[in-house]
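Remarks on the structure that follows.
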Amino acid sequence: MQHQTRNLLLASALTFTLAGAAEAQSARSARFADGVYTATGEYGGQPSHITVKATLKGGIVTAVSVTPHAYVPRSLELQRAFAAAVPKVVVGKRIDQIRVGKLAGSSGTPKGFNDAIRQIRAQAARG
């Protein structure tokens, strides 16, 4: 009987722990409204910019695209390489945890991307 009581108490504690973790995850995702958001991120001294379009569901980025706007051929090449690489890095991640560093040879474009993601977080934020 004592063994059964102890197992029941452990099972109850585990259930409460799992429920608390699920509730915390739900609260985090509820901070952001589902939808498709677009922002322009700026960076550099020229200044340079890119347009970022992100789809959110439950606080998770389910799709992302980057539109390059550079005129200088090398800058455009770097923006295009970044645009091709970034979905693999951010899709499936929580919007509040995304911060991209140097990617696909580009160290400037991620700054514009992070600027746009900051704006998207603000657009999607609830309350």
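Please name all residue pairs, on different chains or six or more residues apart, with Cβ atoms under 6 Å, provided the first residue is in region 95-108 and is over 21 Å from residue 121 (Cα atoms) and the second residue is among the acidic types (Asp, Glu) and surrounded by fewer than 18 Cβ atoms within 10 Å (Cβ to Cβ).
none
I want to confirm something. Restricting to region 72-95 and keeping residues that are basic (Lys, Arg) and modelled with pLDDT of 95 or more, which single residue is nearest to residue 45 (Cα to Cα)? It would help to see each step written out before you state the result.
Residues of region 72-95 that are basic (Lys, Arg), as a first pass: 74, 80, 88, 93-94.
Imposing the further condition that a residue be modelled with pLDDT of 95 or more reduces the set to 80, 88, 93-94.
Values: 80: 19, 88: 28, 93: 30, 94: 30 Å.
If we take residues in region 72-95 being basic (Lys, Arg) and modelled with pLDDT of 95 or more, then 80 is nearest to residue 45 (Cα to Cα).
Identify all residues within region 50-78 that are touching a Pro at 6+ places or on another chain (Cβ under 7 Å) and in contact (Cβ under 8 Å) with a residue 24 or more places away in the chain; write none if there are none. Outline the logic, then answer.
Narrowing region 50-78 to residues touching a Pro at 6+ places or on another chain (Cβ under 7 Å): 50, 64, 76.
Those that are touching a Pro at 6+ places or on another chain (Cβ under 7 Å) and in contact (Cβ under 8 Å) with a residue 24 or more places away in the chain: 50, 64.
If the requirement is being assigned to a helix (DSSP H, G or I), assigned by TED's automatic domain parsing to the domain that holds residue 52, loosely packed, with under 14 Cβ neighbours inside 10 Å and out of contact with any Ser or Thr (no Cβ under 7 Å at 6 or more places or on another chain), which of these qualifies: 111, 88?
Sole residue among the options that is assigned to a helix (DSSP H, G or I), assigned by TED's automatic domain parsing to the domain that holds residue 52, loosely packed, with under 14 Cβ neighbours inside 10 Å and out of contact with any Ser or Thr (no Cβ under 7 Å at 6 or more places or on another chain): 88.
Which count do you get for residues in region 79-94 that are free of Cβ contacts under 8 Å to residues at least 40 places away in the same chain and under 16 Å from the mean Cα position of the chain (by Cα)? Write out each step before concluding.
The initial filter retains those residues of region 79-94 that are free of Cβ contacts under 8 Å to residues at least 40 places away in the same chain, namely 79-93.
Keeping just the survivors that are under 16 Å from the mean Cα position of the chain (by Cα) gives 82-83, 85-93.
Adding up the residues that qualify gives 11.
Search region 95-104 for residues being surrounded by 15 or more Cβ atoms within 10 Å (Cβ to Cβ) and over 8 Å from the mean Cα position of the chain (by Cα), and hand back the single one that is nearest to residue 52 (Cα to Cα).
Looking at the filtered set, the residue picked out is 100.
The values are calculated or read from the model by the stated rules, or taken from the named source; none is laboratory data. From a predicted model like this one, the values you see are computed outputs, not experimental measurements. A quick note on method: Cβ atoms are made from the backbone with ideal geometry, for glycine too, and the neighbour counts reach across all protein chains shown.
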